[in-house]
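First the structure, in the form of structure tokens, and then the observations on it.
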Amino acid sequence: MQTNTQSAAPARVSEEAVADLRDRLARRRRVDLPAGLEPRHGVDASWLERLLARWADGYDWRVHEQRILDLPWELVDGPTPLRVVHRRGAPGAPVVVLLHGWPDSVLRFEKVLPLLGDATVVVPALPGYPFSASSAARGMSGVDMADVVAAALAAMGHERYVVSGGDIGAGVAEALLRRHGHAVSAVHLTDVPQGHLAAELPDDLTDAERAYADRREQWQAAEGGYAHEHATKPGTLAVGLGDSPAGLLAWIGEKLWSWSDRSIEGGMEAVFGDDDVLTWVSAYWFTETIGTSFAPYALREPASNERVEAAAPAVLSIFPGDLANAPRSFAERLFDVRAFHEHPSGGHFAAWEQSEAFTADLREAITLGSARA
């Protein structure tokens, strides 16, 4: 394997592709919704209409594209090439690996990068997600992603690193711990990978842990339909969303809206401005990765509730607006938890929503990892 910094950035989107998007938006069909819908039934219609109007006329992809292309991209060659943002720190600086989830990309960590100025930071564009290196990996589980990331980091010369992940990225981080634990000095998670609740649960759950399992089950019944569709019929869903920008914005936008903590002053606008949402969705549209982004759901391997053998210390950051937060005792069944921070605000996209609090906890993991180096 070798790294390549020449032509490592994602390809610039063609004028034809930009024009095609605008044409599709201009010709989109208005869909009549059933009367009496409540917020729990789907995306906020007025918010969606406003975003669609701006996406069609006013939003400038080129401005945001240039910012993305200006990131320090590298391409790591191998059986599955991996494109990463690789911001090098001083010699001997700790190495931090940031792992994104769905429905986002490396852009989840844009606000964190400048806050980690003294570290070497690696942000992989996970295979099958926006800006990833190869469309050849059209189906990849989180475990397979972990192997690709570990091989790439070794090729880059990074023998020890701190791993931070959320959502799909939390599962990849755990797989790195379980399969490549010798290289992981510490781990930082914003959620316990949810697959553990699908595994056989221990008989000795505490009251708090049983409440967590019940809460997750209730959340799954009310909000988890998207994940069931991703896992069971990804090919069908990919066709509808991959051919309709309005459908794609509705599908992703609803998650950005409902999984964010809008209780803060300024509401949704203070969390995700309109152009932020449109940039995240445009990343999926122009890279044509919505279908392949479903692969970790469809190919998810059974979780193990056995404790991770690797001795890496773990720091967890818990934000109240996230999907279904595990209590510390459940996390301790799996990881060597040294710190468990419950924050007053923030949601599923904590690195974006509460970047300073996220980074402070990550720095704690870096310190713990450095003590083991």
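The values are calculated or read from the model by the stated rules, or taken from the named source; none is laboratory data. Treat the numbers as computed from the prediction; the structure is a model and nothing was measured. Cβ placement follows ideal geometry from the backbone for every residue including glycine, while neighbour counts extend to all protein chains displayed.
In segment 144-165, how many residues are among the β-branched types (Val, Ile, Thr) and without any contact (Cβ under 8 Å) to a residue 60 or more places away in the chain?
Residues meeting the conditions: 0.
Does Val121 satisfy being more than 16 Å from Pro81 (Cβ to Cβ) and crowded, with 20+ Cβ neighbours inside 10 Å?
When the stated conditions are applied, Val121 passes them.
Name every residue in segment 208-225 that is hydrophobic (A, V, I, L, M, F, W, C) and either loosely packed, with under 12 Cβ neighbours inside 10 Å or closer than 16 Å to Ala331 by Cα (or both), in order of residue number.
Correct list: Ala208, Ala211, Ala213, Ala221, Ala222.
How many of the residues making up segment 164-198 are among the hydrophobic types (A, V, I, L, M, F, W, C), more than 19 Å from Arg328 (Cβ to Cβ) and out of contact with any Leu (no Cβ under 9 Å at 6 or more places or on another chain)?
2
It is to be established whether one or more residues within segment 275-283 are under 17 Å from His100 (Cβ atoms), part of a helix (DSSP H, G or I) and of a type in the set (Phe, Trp, Tyr).
Yes; the residues of segment 275-283 include at least one that is under 17 Å from His100 (Cβ atoms), part of a helix (DSSP H, G or I) and of a type in the set (Phe, Trp, Tyr).
Out of Val143, Val163, report the one residue that is of a type in the set (A, V, I, L, M) and within 23 Å of Ala90 (Cα to Cα).
Val163
Output the number of the condition that Ala310 fails; it satisfies all remaining conditions of (1) modelled with pLDDT of 95 or more; (2) in contact with a strand residue (DSSP E or B) (Cβ under 7 Å, 6 or more places away or on another chain); (3) buried (at least 17 other Cβ atoms within 10 Å of the Cβ); (4) not in a helix (DSSP H, G or I).
Unmet condition: (1).
State all residues of segment 22-41 that are under 23 Å from Glu223 (Cβ atoms) and either part of a helix (DSSP H, G or I) or touching a helix residue (DSSP H, G or I) at 6+ places or on another chain (Cβ under 6 Å) (or both); if no residue qualifies, say none.
Pro39, Arg40, His41
If you scan segment 150-205, which residues turn out to be touching a Lys or Arg at 6+ places or on another chain (Cβ under 9 Å), over 17 Å from Asp336 (Cβ atoms), modelled with pLDDT of 95 or more and surrounded by fewer than 24 Cβ atoms within 10 Å (Cβ to Cβ)?
Residue satisfying the conditions is Ala150 alone.
In segment 226-253, how many residues are of a type outside the set (A, V, I, L, M), surrounded by fewer than 18 Cβ atoms within 10 Å (Cβ to Cβ) and within 24 Å of Asp20 (Cβ to Cβ)?
So the answer is 7.
Among the residues of segment 111-121, is any under 19 Å from the mean Cα position of the chain (by Cα) and either part of a strand (DSSP E or B) or at positive phi (or both)?
Looking for residues that are under 19 Å from the mean Cα position of the chain (by Cα) and either part of a strand (DSSP E or B) or at positive phi (or both), one finds at least one in segment 111-121, hence yes.
Please work out which residue is farthest from the chain's Cα centre (by Cα), limiting yourself to segment 314-352 and to residues that are assigned to a strand (DSSP E or B) and either small (Gly, Ala, Ser) or buried (at least 23 other Cβ atoms within 10 Å of the Cβ) (or both).
Ala339
I need the full set of residues from segment 336-371 which are hydrophobic (A, V, I, L, M, F, W, C) and closer than 18 Å to Glu265 by Cβ, in order please.
Those that are hydrophobic (A, V, I, L, M, F, W, C) and closer than 18 Å to Glu265 by Cβ: Phe349, Ala350, Trp352, Ala357.
Could you check segment 218-264 for helices (runs of 4 or more DSSP H) lying wholly inside it with 2 or more residues that are within 22 Å of Ser141 (Cβ to Cβ), of a type in the set (Gly, Ala, Ser) and in contact (Cβ under 8 Å) with a residue 40 or more places away in the chain?
Fully inside segment 218-264 and qualifying: 225-232, 234-242.
So which residues in segment 283-307 are surrounded by fewer than 19 Cβ atoms within 10 Å (Cβ to Cβ) and of a type in the set (D, E, K, R)?
Correct list: Glu288, Glu301, Glu306, Arg307.
Any residue at all in segment 71-93 that's modelled with pLDDT of 90 or more and assigned to a helix (DSSP H, G or I)?
Checked against the condition, which is being modelled with pLDDT of 90 or more and assigned to a helix (DSSP H, G or I), segment 71-93 yields no hits at all.
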